[in-house]
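Input: a single structure, listed below in structure tokens.
The values are calculated or read from the model by the stated rules, or taken from the named source; none is laboratory data. Model, not experiment: these values are computed from the prediction. Cβ atoms come from the backbone with ideal geometry, glycine included; neighbour counts cover every protein chain shown.
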Amino acid sequence: MSLLAVDDIDAYYGESHILRGLSMAVEEGEICALLGRNGAGKTTTLRSVAGARPPDVRDGTVTFRGDDITQMATEDIAIRGVGLVPEERRVFPNLTVEENLHLSEVSRNASNTAGRDVGDLPETRPLSELYEAFPRLDERQNQLAGTLSGGEQQMLAIARALRQAPDLLMLDEPYEGLAPQIIDDVEDAIERINDEGTTILLIEQNAAAAISIADQCYIIDQGQVVFDGEAEELREDEETRKRYLGV
Ligand code: ATP
């Protein structure tokens, strides 16, 4: 059984038909890259899974560990072990690094008051573990998040999502706007997280960087899967890369 399975979904924003019979699967333990040009439907696919500002999924199903999670509320999906780092790195600029990391606990309490059983929530990961994974954050515990560099803010956004110890971490364009050297650092962090057992679904415009760390790749174009295979295969398939990714 795949950890995450998106099966033949049709998703709409209003009457705009965005995803057309899209299917994909993420296997436990892997780094899966979802690639495609601007507007191909990558973020819409992710939102169809995670429920944050979701499109209307009228057909098909999304399952996580075999359970149907189609159009379930974001909090309920998070409780099941799906973490999301959205495109617009949500850090609180006027709070310190440490305070940002503590906010995951606040959302945990909010889930409790919303009538959810907090006992069902995954264990929160100790801050010490996160600082070990992100030494740059360790050095900047008391710095305001708004004064961090773009790469450091991305690491903080990832660390916040990891606080809930998700089994699957979905990252929407984590390299956007980052200098090549910083991309390398974020890449290293993603690989380390994966080595420690978190499955990764990575959405990226920077196809070359994503392919370099991925095990499995999907390319979508106009809301449909046009390539599905091992990253190795895509590395060698220049024609497909040129046609759908322009690289
Ligand atoms: P990018 O890399 O540019 O973020 P993407 O592959 O993630 O692109 P999506 O954001 O999924 O693409 O967008 C797919 C299509 O859906 C686009 O044509 C976009 O204009 C449209 N779309 C996205 N969000 C909405 C919305 N809230 N309402 C209406 N249309 C939307």
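Do the conditions hold for residue 84, that is, is it touching a helix residue (DSSP H, G or I) at 6+ places or on another chain (Cβ under 9 Å) and aliphatic (A, V, I, L, M)?
yes
What single numbered condition from (1) under 22 Å from residue 49 (Cα atoms); (2) modelled with pLDDT under 90; (3) of a type in the set (D, E, K, R) fails to hold for residue 185?
It is condition (1) that residue 185 fails.
I'm trying to understand the selection: among the residues of region 14-34, which are under 17 Å from residue 70 (Cβ atoms) and without any contact (Cβ under 8 Å) to a residue 60 or more places away in the chain?
Hit for region 14-34 is 25, nothing else.
Of all residues in region 206-220, which are within 14 Å of the chain's Cα centre (by Cα) and either over 16 Å from residue 240 (Cα atoms) or assigned to a strand (DSSP E or B) (or both)?
214 - this is the single residue of region 206-220 that is within 14 Å of the chain's Cα centre (by Cα) and either over 16 Å from residue 240 (Cα atoms) or assigned to a strand (DSSP E or B) (or both).
For region 158-168, indicate whether the set of residues that are loosely packed, with under 15 Cβ neighbours inside 10 Å, in contact with a helix residue (DSSP H, G or I) (Cβ under 8 Å, 6 or more places away or on another chain) and within 16 Å of residue 91 (Cβ to Cβ) is non-empty.
no
Kindly check whether there is at least one residue in region 71-94 that is more than 20 Å from the chain's Cα centre (by Cα), farther than 30 Å from residue 10 by Cβ, modelled with pLDDT of 90 or more and surrounded by fewer than 17 Cβ atoms within 10 Å (Cβ to Cβ). It would help to see each step written out before you state the result.
First, pick out the residues of region 71-94 that are more than 20 Å from the chain's Cα centre (by Cα): 93-94.
Subset that is farther than 30 Å from residue 10 by Cβ: 93-94.
Those left that are additionally modelled with pLDDT of 90 or more: 93-94.
Add one more test, that the residue is surrounded by fewer than 17 Cβ atoms within 10 Å (Cβ to Cβ), and what stays is 93-94.
Yes - at least one qualifying residue is present in region 71-94.
Cβ-Cβ below 8 Å, separation at least six or inter-chain, first residue in region 35-50 and under 14 Å from residue 23 (Cα atoms), second near the ligand (Cβ under 6 Å from one of its atoms) and part of a loop (DSSP other than H, G, I, E, B): which pairs?
42/36
Which of the residues belonging to region 40-69 are on the phi < 0 side of the Ramachandran plot and surrounded by fewer than 17 Cβ atoms within 10 Å (Cβ to Cβ)?
52, 56, 58, 59, 61, 67, 68
Given the structure, is residue 37 over 27 Å from residue 232 (Cα atoms) and at pLDDT below 95?
Details: over 27 Å from residue 232 (Cα atoms): no; at pLDDT below 95: yes.
No, not satisfied.
If I filter region 111-118 for residues that are assigned to a strand (DSSP E or B), within 29 Å of residue 141 (Cα to Cα) and at pLDDT below 95, do I get at least one hit?
Checked region 111-118: no residue is assigned to a strand (DSSP E or B), within 29 Å of residue 141 (Cα to Cα) and at pLDDT below 95.
Looking at (1) closer than 25 Å to residue 75 by Cβ; (2) assigned to a loop (DSSP other than H, G, I, E, B), can you tell me which one residue 142 breaks?
(1)
Only one residue in 183, 203, 193 is more than 16 Å from the ligand (Cβ to nearest atom) and either part of a strand (DSSP E or B) or within 25 Å of residue 81 (Cα to Cα) (or both), so which one is that? I'd like the intermediate steps shown before the answer.
Values: 183 fails: either part of a strand (DSSP E or B) or within 25 Å of residue 81 (Cα to Cα) (or both); 203 fails: more than 16 Å from the ligand (Cβ to nearest atom).
Matching residue, one of 183, 203, 193: 193.
Among the numbered criteria (1) within 13 Å of the ligand (Cβ to nearest atom); (2) touching a Pro at 6+ places or on another chain (Cβ under 8 Å), which single criterion is violated by residue 71?
(1)
For region 177-186, does any single residue satisfy the condition of being within 15 Å of residue 158 (Cα to Cα) and touching a Leu at 6+ places or on another chain (Cβ under 8 Å)?
Yes: region 177-186 contains one or more residues that are within 15 Å of residue 158 (Cα to Cα) and touching a Leu at 6+ places or on another chain (Cβ under 8 Å).
Could you list, in sequence order, the residues of region 12-51 that are more than 14 Å from the ligand (Cβ to nearest atom) and not in a loop (DSSP other than H, G, I, E, B)?
Within region 12-51, 21, 23, 25, 26, 31, 32 meet the criteria.
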